[in-house]
Amino acid sequence: MNKPLPDDLLSALNNVTGFDAPSFIQTHQEASPITSVRINKNKIFNISDSVLTIDEKVSWSSSGFYLTHRPSFTLDPLFHAGAYYVQEASSMFLEVVIKQSCDLQNNIKVLDLCAAPGGKSTLIQSLISKDSLLVCNEVIKTRVNVLTENITKWGATNVVISNNDPKDFQRLPNYFDLIVVDAPCSGSGLFRKDPDAINEWSIENVSLCHQRQQRILTDVLPALKPGGTLIYSTCSYSYEENEAITDWLVNNNDVDSIKIQLEEKWNIIETNSQENKCFGYRFYPNKIKGEGFFITAFQKKSTSEIKYDKKPKPHPDLLKKADLAKLEKYFEPVDDCQFFYWKNDIIAMPFKMMNEITLLQFALYIKKAGLNIGSLIRDELLPSHELALNTLLHQKIPTIEVKKETALDYLRLHDIKISGTEIGWHIIKYGGVSLGLIKVLHNRINNYYPKEWRIVHK
Ligand code: SAM
């Protein structure tokens, strides 16, 4: 049985739409948390090669599934390959909100402002076109690494990762078509999964979170285009962090609330804020199969001029033809990507993103952009781990499909033995999905799995 919920939280929720105290409390005391995953549609694999035991589909998601139980993801090579992302089911509702509030047929520019560890970012990346741009930002430096790891494993070229404070985005006025603010919050929605968080909860913290959420939104809203969409979400039940924020948004900014069409069977609760009747969507674990969540969407009204000149920006240092030719033995020529030098590395990026990257470089502290191919050393490519994990570039690097034990040895950065293999670079695959690179030499095999991502426990 879980810890009792804070009395102050329960009494504050009594007036909140959809709150049903007895069944809410009972769900927290009895039910065990639910595990769900979202499949990466770009990495086709056989479920039977993974540790996943699928129960049923998440009804509001195109690629989300509940599992019958929580397996050891660490011991699944397909988890490390980015074949799926372990994500709480309620959060996957972002897909419905984006589809109903944005035109995904267009190439759009998206900012995921509070992005680490990358759950919403990988979801957004799966929804947007390949020529759209996704900027995943995380203000806390120590959390940028896990974001980078998850984005790299997801394997996309149209993503930029930045490490900036929300107010830095004011250097990009009216720039983004969609901004997602999955705000830091008091976290009551996750009490069932993380009962220890109950001890940290207080009314004072809810109030501090409310102020911080206002500050974050004030800072970032100038970066949203007129007509663009703002999506705000929390994993808190508190009215102050949810509906009160929507009222404050409408009172202080030029935005209109957007209504989302719900299917009755979802059992998601639509709420209206007290003052402006803004639409919000509440997820209660006693009503849906998932954890506590709140999400709401707005359209920016004002028609202020977009200040960006449409002149092409100077491109970064494009790859010389001779160097491009050296890459051709690793992958087929790709028409929709541009290649350029970045420090000692070569980066591939969709053409449409090239005009943006110079602008973003001036405005933001960029940790990663596009796909790092590797570096040329004495005319030979030292291919990057990213190249091996990417799905867009068709690789000519030979592949070796291995059994699970060898795959896990590879991921532990142990020496691996594969007989009868040609000398040179190879991609190690498990279940048909790339795990990374090895280099076969005359007398040994070098394991190129990134040290910082290796499996450390048995
Ligand atoms: N969107 C993420 C996902 O789906 O994986 C989860 C985001 S988590 C709810 C909130 C994030 O906001 C954390 O990564 C946290 O580091 C970041 N954060 C904390 N304080 C912040 C601030 N003042 N401004 C912007 N982001 C902040």
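Please state the shape class of the range 1-143: rounded when a/c is under 1.5, otherwise prolate if a/b exceeds b/c and oblate if not, all from the C-alpha gyration tensor.
oblate
Using a cut-off of 19 Å between alpha-carbon atoms, which lysines can reach Lys3, once sequence neighbours fewer than 8 places away in the same chain are excluded?
In chain and number order, the partners are Lys193.
As a check on your grasp of the helix formula, calculate [θ] at 222 nm for the chain: sum -39500 (n - 2.57) over DSSP H runs of n ≥ 4, divide by the residue count, round to the nearest 500.
Per the formula, -7000 deg cm²/dmol.
Please give the net charge around Asp415, taking every other residue with its beta carbon less than 15 angstrom from that of Asp415, where Lys and Arg add +1 and Asp and Glu add -1.
Result for the neighbourhood of Asp415: +4.
Sticking with the crude label model, points 7 Å out along Cα→Cβ, report the distance from Gln29 to Leu104 in nm, one decimal please.
Roughly 4.1 nm, to one decimal.
Using θ = phi - 60° and the Karplus relation 6.51 cos²θ - 1.76 cosθ + 1.60, list the HN-Hα couplings for the range 230-240 in order, rounded to whole Hz, with x at every Gly or Pro.
So the Karplus estimates, Gly and Pro as x, are 10, 10, 10, 9, 9, 10, 10, 8, 5, 4, 4 Hz.
Let me check I've understood the local charge: for Tyr341, count other residues with C-beta under 12 angstrom from its C-beta, Lys and Arg +1, Asp and Glu -1. What total comes out?
-1
Sort largest first and round to whole Å: the equivalent ellipsoid semi-axes of the range 304-458, each the square root of five times a Cα gyration tensor eigenvalue.
34, 18, 13
Provide the percentage of antiparallel DSSP beta bridges, counting only those with both residues in the chain; round to the nearest 5.
75
Any chance you could run the full-extension gain for Asp196 through Asn446? It's 0.36 nm times the residue separation minus the Cα-Cα distance, nm to one decimal.
Difference between extended and current length: 85.7 nm.
What translational diffusion coefficient, in µm²/s and rounded to a whole number, does the Stokes-Einstein relation yield for the range 168-286 at 10 °C and a viscosity of 1.306 mPa s, taking the hydrodynamic radius as the Kirkwood radius over Cα pairs?
Estimated via Stokes-Einstein, D reaches 103 µm²/s.
Please state the equivalent ellipsoid semi-axes for the chain: what are the square roots of 5 times the Cα gyration tensor eigenvalues, largest first, in whole Å?
40, 29, 17
I need the per residue convex hull volume for the range 187-255, using only the alpha carbons, in cubic angstrom as a whole number.
In the range 187-255, the Cα convex hull volume per residue is 89 Å³.
How big is the dipole moment of the chain about its Cα centre under a simple scheme where the beta carbon of each Lys and Arg is +1, that of each Asp and Glu is -1, and everything else is neutral? Debye, nearest 20, please.
1380
Measuring from label point to label point, each 7 Å out along Cα→Cβ, what is the Ile47 to Asn252 span in nm?
4.6
Of Lys225/Lys265; Lys41/Lys329; Lys109/Lys130; Lys329/Lys417; Lys301/Lys368, which pairs sit farther than 23 Å apart, going by alpha carbon to alpha carbon?
Going by Cα-Cα distance, Lys225/Lys265; Lys41/Lys329; Lys329/Lys417; Lys301/Lys368 fall outside the 23 Å limit.
Run the quick spin-label model on Trp453 and Glu405: label points 7 Å from Cα toward the beta carbon, then report their separation in nm to one decimal.
Here the answer is 2.5 nm between the modelled labels.
Throughout, read-outs are computed from the coordinates displayed, never taken from laboratory work. As the structure is a prediction and not an experimental result, all values here were calculated from the model. Glycine gets a Cβ as well: all are built from the backbone with ideal geometry, and neighbour counts include every protein chain shown.
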